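Remarks on the structure that follows.
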There are 2 protein chains.
Amino acid sequence: MSSRIERLRELLEEPLLVTNLVNVLYLTGFDSSNAALLVEPARARLFTDFRYIESARAVEGVETVQTKRSLIGWLSENLSGRIGFEADVLPWSFAEQLREGGIELVPRHGLVEQLRAVKDESELDTFRRACAITDRMFERLVSEVKFVGRRERDVAWDITRLYHEEGADEPAFEAIVGSGPTGARPHARAGDKVIEPGELVVIDTGANVGGYVSDYTRTLATGELDGEMREAYDVVLAAQQAGLEAIRAGVAGVEADAAARGVIEESDFAGTFGHGLGHGLGLDVHESPRLSTESADTLAAGNLVTVEPGVYLEGRFGIRIEDDVIVTEDGIENPVRFTKELVTVG
Amino acid sequence: MSSRIERLRELLEEPLLVTNLVNVLYLTGFDSSNAALLVEPARARLFTDFRYIESARAVEGVETVQTKRSLIGWLSENLSGRIGFEADVLPWSFAEQLREGGIELVPRHGLVEQLRAVKDESELDTFRRACAITDRMFERLVSEVKFVGRRERDVAWDITRLYHEEGADEPAFEAIVGSGPTGARPHARAGDKVIEPGELVVIDTGANVGGYVSDYTRTLATGELDGEMREAYDVVLAAQQAGLEAIRAGVAGVEADAAARGVIEESDFAGTFGHGLGHGLGLDVHESPRLSTESADTLAAGNLVTVEPGVYLEGRFGIRIEDDVIVTEDGIENPVRFTKELVTVG
């Protein structure tokens with residue numbers, strides 16, 4: 001962990017107050033709901049309250065300081081000088097409180113996130129374990145679980161149960177189970193809708209294993225599909241393949257997005273892919289870099305990104321296919337094993 | 001829902017930009033990961049991106065506006081004039097971006113939270129359903145589930161499973177199962193520690209039902225306890241009773257805290273109750289008002305608060321007993337049915 005603090009120091013022009021709790025976890029291994037880390041040239045101080053102080057003392061390479069429950073208030077009274085802060089995360093009034101306490105605050109953006117975007121081997125190993133569990137979950141989901149006649153939320157529970165049985169710590173997020181028209185809303189939750197025969201069912205789910213997450217999507221069929229649905233499925237699959245082939249270190253997030261998007265735009269489903277191609281993942285489900293029409297990121301070896309084009313026909317159906325891949329110098333490593341051929345479930 | 005927007009309007013000196021997504025949900029019923037609500041004197045506008053726009057259009061009493069995925073950037077280009085913002089929630093750089101876009105920003109604090117702190121009858125009914133499910137979960141947990149010889153995380157999974165079987169939408173938060181020394185860390189997660197005979201096991205858990213949460217703690221015994229453990233249990237129980245008796249509309253959060261804290265401070269366990277007595281709950285697990293030594297709140301009828309004193313002996317054991325109660329003009333309604341007598345599990 002302390003080598004991460006060392007790498008962060010190299011990016012700093014002044015001490016940095018890290019208040020994003022996932023960034024604190026990344027830098028120190030310390031997991032709590034109330035903490036901050038001040039990284040200075042010669043030391044790093046970890047601040048937390050009574051509830052977590054015993055756990056904090058186990059962190060190596062940092063000084064531990066017990067604060068009041070109102071951590072920012074305590075810091076405003078006890079810190080001084082010129083200090084950088086995580087301006088994209090810290091609420092406005094907390095920054096104001098620190099400033100009123102006499103600290104000369106410097107807004108900084110994405111410094112720890114920049115480190116987190118490039119995974120080390122130990123992070124990638126943990127991630128591969130999350131993928132292996134997600135693969136097994138999907139294999140069992142399509143072979144053991146009944147879909148037709150059950151509510152989306154019942155299938156979502158089976159996903160939770162299968163993750164537990166396969167050894168995940170917990171689901172990475174609440175699974176999306178979007179059947180028929182529900183699937184046309186990319187972020188609909190699993191609801192009370194009963195799954196019908198002849199529908200497409202979007203399953204977007206991931207596992208949290210050792211703190212790292214997977215994030216897959218497969219779209220399943222519940223029986224015979226009409227020609228348009230089959231055509232749309234093939235278009236999304238081709239778009240995903242084009243996206244996967246475009247990714248390697250040095251490629252811009254907009255380029256990767258455009259490679260997949262172009263396939264959809266040239267098809268009968270032009271204009272129906274309304275979100276970005278993908279996003280980084282790791283300790284969080286959404287991290288840097290982004291693959292989208294608005295992205296300013298360039299891919300680097302060690303990035304971990306989703307590749308998830310989709311087609312959404314409002315009121316009718318949606319299709320999305322998503323893998324998680326590791327960016328390498330000359331392409332990708334794709335640890336996702338579960339098939340992308342259209343699977344029919346009962 | 002729109003009556004909530006009406007009540008909010010009465011508190012405003014200028015239009016308010018609501019960016020806290022739970023506040024957006026409270027005011028509109030609209031649930032998403034990217035939205036904002038601008039409440040003006042004559043209208044309310046709900047902003048969201050492509051992914052959620054179809055759901056947003058179903059909200060009554062607001063105008064719906066589709067924005068770019070980068071919502072704050074879009075708002076900075078499209079809004080103007082004097083606008084209040086939720087300064088305790090909005091990240092510093094987002095406020096800066098809006099200001100640079102020409103908006104005259106006014107920091108505002110806790111306006112929607114102030115409304116949310118007083119529950120209406122429909123909210124209380126949903127909450128009582130969450131309590132009934134939590135009661136049934138606890139009854140089954142102590143009668144059906146094996147503790148001794150199993151890991152804390154295995155018991156935590158049984159809690160998740162029992163909530164599902166009893167009809168909860170999901171657990172309100174990751175259950176704490178703290179056995180023996182783990183229980184002395186008030187916010188330890190359920191881990192790999194195997195539960196031993198003759199230990200105290202802190203179980204802190206709640207259900208999410210229809211968006212509203214419960215939050216109970218019970219401390220169970222796995223066999224014969226020593227005299228100090230039994231004494232500590234009785235002290236915590238007496239402290240909780242004193243806290244419950246102190247609560248009614250008009251009482252300060254510090255007073256309620258002091259009533260319970262006094263019992264512990266006058267006992268052999270003085271100095272071991274290191275957190276506040278309780279907190280509001282509702283759509284979130286932690287809301288206004290607070291019951292603590294640092295609270296500036298005064299209780300009002302319709303508040304929903306936890307009452308959860310504890311004793312924590314580092315390296316040895318912890319005890320906490322927590323109910324959720326509805327504040328009334330002359331006292332409380334306590335919907336929690338599960339026993340507070342010491343229960344022994346196998």
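How far is helix B:227-246 tilted, in degrees, relative to the longest principal axis of the Cα atoms in chain B, given as a value from 0 to 90 rounded to the nearest 10?
Tilt of helix B:227-246: around 40 degrees.
Under the classification rounded if a/c is under 1.5, otherwise prolate if a/b is larger than b/c and oblate if not, where does chain A fall, given a ≥ b ≥ c as square roots of the Cα gyration tensor eigenvalues?
Prolate, since a/c reaches 1.5 and a/b exceeds b/c.
Distance between the C-alpha centers of region B:318-346 and region A:303-329? Whole Å please.
With region B:318-346 and region A:303-329 each reduced to a Cα centre, they are spaced 47 Å.
Compare A:P107, A:P171, A:P289 in a GNM of chain A, Cα atoms joined below 10 Å, and give the one with the largest fluctuation.
A:P107
Mind listing which GluC sites (Glu not before Pro) in region B:162-268 are in a DSSP loop and have 10 or fewer other Cβ atoms within 10 Å?
Taking region B:162-268 and a limit of 10 other Cβ atoms within 10 Å, the loop GluC sites (Glu not before Pro) found are B:E224.
Could you work out which residue, out of A:I176, A:I195, A:I103, moves most in a Gaussian network model of chain A, that is, has the largest mean-square fluctuation with Cα springs under 10 Å?
A:I103
Pull up the DSSP beta bridges for chain A and report the antiparallel fraction as a percent, rounded to 5.
75 percent
Counting only pairs 8 or more places apart or on different chains, how many lysine pairs in the protein assembly as shown have C-alpha atoms closer than 24 Å?
Close lysine pairs under the 24 Å cut-off: 4.
In whole angstrom, how far apart do the alpha carbon centroids of region B:124-154 and region A:24-93 sit?
The distance from the Cα centre of region B:124-154 to that of region A:24-93 comes to 35 Å.
Helix B:2-11: angle to the longest alpha-carbon principal axis of chain B, degrees 0 to 90, nearest 10?
The two axes meet at around 80 degrees.
What are the nm distances, shortest first, from A:R316 to its equivalents in the other copies, labels at 7 Å along Cα→Cβ?
Label-point distances to the other copies, shortest first: 7.0 nm.
So if I take the centroid of the Cα atoms in region B:171-234 and the same for region A:231-301, what is the distance between those two points in Å?
Result: 45 Å between the Cα centres.
Kindly express, to the nearest 10 degrees and within the range 0 to 90, the angle between helix A:253-265's C-alpha long axis and the longest C-alpha principal axis of chain A.
Helix A:253-265 sits roughly 20 degrees off the main axis of chain A.
Along Cα→Cβ at 7 Å, what distances in nm separate the B:R7 label point from those on the other copies, shortest first?
The answer, with the shortest distance listed first, is 4.9 nm.
Could you size up the charge dipole of chain B around its Cα centre, putting +1 on the beta carbon of Lys and Arg and -1 on that of Asp and Glu, and report it in debye to the nearest 20?
In debye, rounded to 20, chain B gives about 920.
Over the Cα atoms of the protein assembly as shown, how large are the radius of gyration and the largest Cα-Cα distance (Dmax), in Å?
25.6, 77
To confirm my reading of the symmetry, which residue of chain B has the Cβ nearest the axis that brings B onto A, and what whole-Å distance does it have?
Residue of B nearest the axis onto A, distance in Å: B:W92, 3.
Rounding to the nearest 20 debye, state how big the charge dipole of the protein assembly as shown is about its Cα centre with +1 on each Lys and Arg Cβ and -1 on each Asp and Glu Cβ.
Using Cβ point charges on Lys, Arg, Asp and Glu, the protein assembly as shown gives about 40 debye.
Roughly what would the spin-label model give for B:S80 and B:R99, points 7 Å off Cα along C-beta, in nm?
Output for this residue pair reads 2.0 nm.
Test of understanding: in a Gaussian network model of chain B with alpha carbons linked when under 10 Å, which of B:G318, B:G262, B:G278 would top the mean-square fluctuation ranking?
Ranking B:G318, B:G262, B:G278 by mean-square fluctuation puts B:G262 first.
Looking at the protein assembly as shown, what % of its DSSP beta bridges pair antiparallel, to the nearest 5?
Bridges in the protein assembly as shown that DSSP calls antiparallel: roughly 75 percent.
Could I have the simple spin-label model distance between A:R151 and A:Q66, label points 7 Å from Cα toward Cβ, reported in nm to one decimal?
Between A:R151 and A:Q66, the simple spin-label model gives 4.7 nm.
Would you calculate a helix-derived [θ] at 222 nm for chain A, using -39,500 (n - 2.57) for each DSSP H run of n ≥ 4 and dividing by the full residue count, to the nearest 500?
One gets -10500 deg cm²/dmol as the mean residue ellipticity at 222 nm.
Suppose R0 equals 56 Å; then what is the FRET efficiency for A:T344 and B:R43 from their Cβ-Cβ distance, rounded to the nearest 0.05?
Efficiency for this residue pair is about 0.70.
No value in this document is a laboratory result; all are computed from the given coordinates. Model, not experiment: these values are computed from the prediction. Note that we place each Cβ from the backbone using ideal geometry, even for glycine, and neighbour counts take in every protein chain shown.
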